Amino acid sequence: MRINPVLSCVVPAFNEAENLALFIPALAEKLQQLDLAAYEIIVIDDGSKDNTLEVLYSLVDQYPLRVLELSRNFGKEAALSAGLDHVTGDIALLIDADFQHPIDEIPTMLNLWRNGYDMIYGIRNRNTESWLKRLFTHAYYRILSLSSSVSIPEDAGDFRLIDAKVITAIQNLPEKNRYMKGLYAWVGFKTIGLQFSEQERQYGKSSFNFKALFNLALSGLTGFSDLPLRVCIYLGALLAFIAMAYGCWIIGETLIEGTTVPGWATLAAGMTLLGGIQLLFTGILGEYISRIYTEVKNRPKYIVAAEYSKEKNTTPIDTKTPT
Ligand code: UDP
Ligand code: MG
């Protein structure tokens, strides 16, 4: 019955001490106002270097809080996987620790779940971002949606409410390269988007610089599309055709006009172009091979060094690989 569910909040945190000291009480206050059978807040400390853990320990007695301490920084996607693997509720809410995801939207999300939706994802407006970043993001999602068999909604982030059956489906995906946005879309289910305005970060700065965003984008593209590989084939075929036509032209010219020496500039330019394209395509192949290599190694997605809550103080190192 979708009336009063048990809600598990999953909060990934990397160097969020200042935010968490305010965020946990604010989130708990909001959740207490909702009609829930019970709730828990799972915070995944993703190898923070500041005193995130101390702040969390100080809150454990006052709130239904579970702290998962990862053995190092595994990245947000792995932290979210860790959180989802430890969810006990009927539904899970994925929310950032930095106040960028508005807790005021939770009641609306909950109502949509009560109305039968299995996954409710936040669609953020990007008004606070530069036009250049918005342009790149838009172009990226266009390419991804045109070349992928699943449709990954534009501007849908990790702020979501997910039913337990969707969590089970995501857990059953064995891949180690976890581009979460792609995985949510891949599993399907009855899904709906909800517009929200992203707030400014309360304290600290974003962990996602240009390089991290580029790597994430590449992970999405290689994980959910084979367009880069197909571009190699198409462009290779086109260049081969041009080279053949040019070859015929040179043979014709030599037969009609006799041996001609000029042409080395064209030759040099052609060789450089081909060399560059070959390197680029080797790189693209390498990217896919590296993904295969990561999967074959079969290492766990994350390692939980310890788990804390009011009832449970610590557990030995848990290297469980969810299957
Ligand atoms: N985060 C994490 N591990 C990381 C980087 C980020 O768990 O390696 C968490 C971070 O603490 C925050 C959320 O992921 O709760 C979103 O990160 P951030 O605000 O840096 O990214 P942005 O909002 O710019 O996408
Ligand atoms: Mg943020």
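The values are calculated or read from the model by the stated rules, or taken from the named source; none is laboratory data. All of these numbers come straight from a predicted model, not from anything done at the bench. Don't worry about glycine lacking a Cβ; one is built from the backbone with ideal geometry, like all the others, and counts go over all protein chains shown. With ligands, DNA and RNA removed, areas are computed over all heavy atoms of the protein, side chains included. Shrake-Rupley method; radii C 1.70, N 1.55, O 1.52, S 1.80 Å.
If you go through segment 247-275 and keep only what is among the aliphatic types (A, V, I, L, M), modelled with pLDDT of 80 or more and either in contact with a Leu (Cβ under 8 Å, 6 or more places away or on another chain) or over 19 Å from G236 (Cα atoms) (or both), you end up with I250, I251, L255, I256, L274. Test T168 against the criterion of being at pLDDT 90 or above, within 25 Å of P102 (Cβ to Cβ) and not small (G, A, S), and give yes or no. Here the answer is no, as T168 does not meet what is asked. Tallying residues that are more than 16 Å from L213 (Cα to Cα), open to solvent by less than 50 Å² (accessible area, probe 1.4 Å) and away from ligand 1 (no atom under 16 Å from the Cβ) within segment 107-144 yields 9.
Output the number of residues of segment 288-300 satisfying the condition of being in a loop (DSSP other than H, G, I, E, B) and either modelled with pLDDT of 90 or more or not basic (K, R) (or both). Qualifying residue count, segment 288-300: 2.
How many of the residues in segment 161-172 are farther than 21 Å from I303 by Cβ and either in contact (Cβ under 8 Å) with a residue 40 or more places away in the chain or not in a helix (DSSP H, G or I) (or both)?
Restricting attention to segment 161-172, the residues satisfying the condition of being farther than 21 Å from I303 by Cβ are 161-166, 168-169.
Okay, now just the ones that are also either in contact (Cβ under 8 Å) with a residue 40 or more places away in the chain or not in a helix (DSSP H, G or I) (or both), so 161-166.
Total satisfying the criteria: 6.
The rows are residues; the columns are (1) within 16 Å of ligand 1 (Cβ to nearest atom); (2) without any contact (Cβ under 8 Å) to a residue 60 or more places away in the chain.
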{"position": "A17", "(1), (2)": "yes, yes"}
{"position": "A28", "(1), (2)": "no, yes"}
{"position": "Y39", "(1), (2)": "no, yes"}
{"position": "Y57", "(1), (2)": "no, no"}
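In segment 87-101, the qualifying residues are those that are among the charged types (D, E, K, R) and within 11 Å of ligand 2 (Cβ to nearest atom), and the one that is most open to solvent (accessible area, probe 1.4 Å) is D96.
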